[in-house]
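Everything on this sheet refers to the single structure shown next.
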Amino acid sequence: MSENTNSVLSAVDIWKSYGNGATYLSIIKGACIEISAGEVVSIVGPSGSGKSTFLHVCGVLDPPDRGIISVGSRDVWSVSESRRARIRNSELGFIFQFHHLLDEFTLQENVAMPSMLAGNSRKDALDSASELLEEVGLSDRGQHFPSETSGGERQRAAVARALILSPSVVLADEPTGNLDAASSRIVEDLMFELASRRNQAFIIATHSIELAGRAHRCLTLDDGVLRHDMT
């Protein structure tokens, strides 16, 4: 893979399997990817093709069997666990199909949570959360609890939460998979606007052909092989 000075994340020759013996299952087979700042890359493939597994490996949530994951210029599996945790928490953001907001906290508090866990003061974290909620169109919903908001609003709050520490890369696993068509379009538009405005990269695993087709690049993952032949 050629050197890219604008690269925010790269994966080189990634292999991942689970089990052993009769239960051995090879999930990812030699996958390579390089993401630049502000780029939106979609990954499509049939259910069970390994899209979520690949995102987890790229997001430093799960180690590869072999291969190199670099965030910026750092090989994340060659550094200490504490350093790896700091990279994961500060430079990577995560959006999942289900928002995973905590019901007992307001939207503002949910968005602020990663910042407070990172050691920032409650006031600073809440102030940043308020700004992000405004950015995702939820300035009037910050004091509401998740149960008092719609599915689309909860997912937009989850997007804001993923951005609270200004990561260079956001990994989104079926981010619109649990939404109706109208809410899906709002969340899709939001991710592309944020990528452009904030110069943040997004890697999106999706079943949505419409969403995949809007990305700068659309890759396919099938039988563990990541193919770069879609436009």
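The values are calculated or read from the model by the stated rules, or taken from the named source; none is laboratory data. Model, not experiment: these values are computed from the prediction. Reconstructed Cβ throughout: ideal geometry from the backbone, glycine too, with neighbour counts over all protein chains shown.
Some notes on this structure:
- Checking each residue in segment 84-122 for being in a loop (DSSP other than H, G, I, E, B), within 14 Å of the chain's Cα centre (by Cα) and not hydrophobic (A, V, I, L, M, F, W, C) picks out Gln97, His99, His100.
- If only residues of segment 130-176 that are within 16 Å of Met116 (Cα to Cα) and in a loop (DSSP other than H, G, I, E, B) are counted, the one that is modelled with the lowest pLDDT is Ser166.
- Looking only at segment 117-128, and only at residues there that are surrounded by 17 or more Cβ atoms within 10 Å (Cβ to Cβ) and closer than 22 Å to Ile87 by Cβ, the one that is modelled with the lowest pLDDT: Asn120
- Leu107 vs. criteria touching a helix residue (DSSP H, G or I) at 6+ places or on another chain (Cβ under 6 Å) and either of a type in the set (Ser, Thr, Tyr) or under 30 Å from Glu34 (Cβ atoms) (or both): no
- Summed over segment 64-83, the residues that are over 18 Å from Pro167 (Cα atoms) and at pLDDT 90 or above give a count of 5.
- Considering segment 183-231, and only residues there that are β-branched (Val, Ile, Thr) and more than 28 Å from Leu25 (Cα to Cα), the residue that is surrounded by the fewest Cβ atoms within 10 Å (Cβ to Cβ) turns out to be Thr231.
- Only a single criterion out of (1) modelled with pLDDT under 90; (2) surrounded by fewer than 14 Cβ atoms within 10 Å (Cβ to Cβ) is not satisfied by Arg88, namely (2).
- Residue list for segment 16-41, filter: part of a strand (DSSP E or B) and over 26 Å from Gly93 (Cβ atoms): Ser17, Leu25, Ser26, Lys29, Gly30
- Residue within segment 133-156 that is under 17 Å from Gly59 (Cβ atoms) and surrounded by 16 or more Cβ atoms within 10 Å (Cβ to Cβ) present: no
- Residue within segment 37-57 that is at pLDDT 90 or above and more than 25 Å from Gly177 (Cβ to Cβ) present: yes
- Count of segment 11-45 residues, restricted to those that are polar (S, T, N, Q) and free of Cβ contacts under 8 Å to residues at least 24 places away in the same chain, is 2.
- In segment 46-83, the residues that are without any contact (Cβ under 8 Å) to a residue 60 or more places away in the chain, crowded, with 21+ Cβ neighbours inside 10 Å and assigned to a loop (DSSP other than H, G, I, E, B): Pro64
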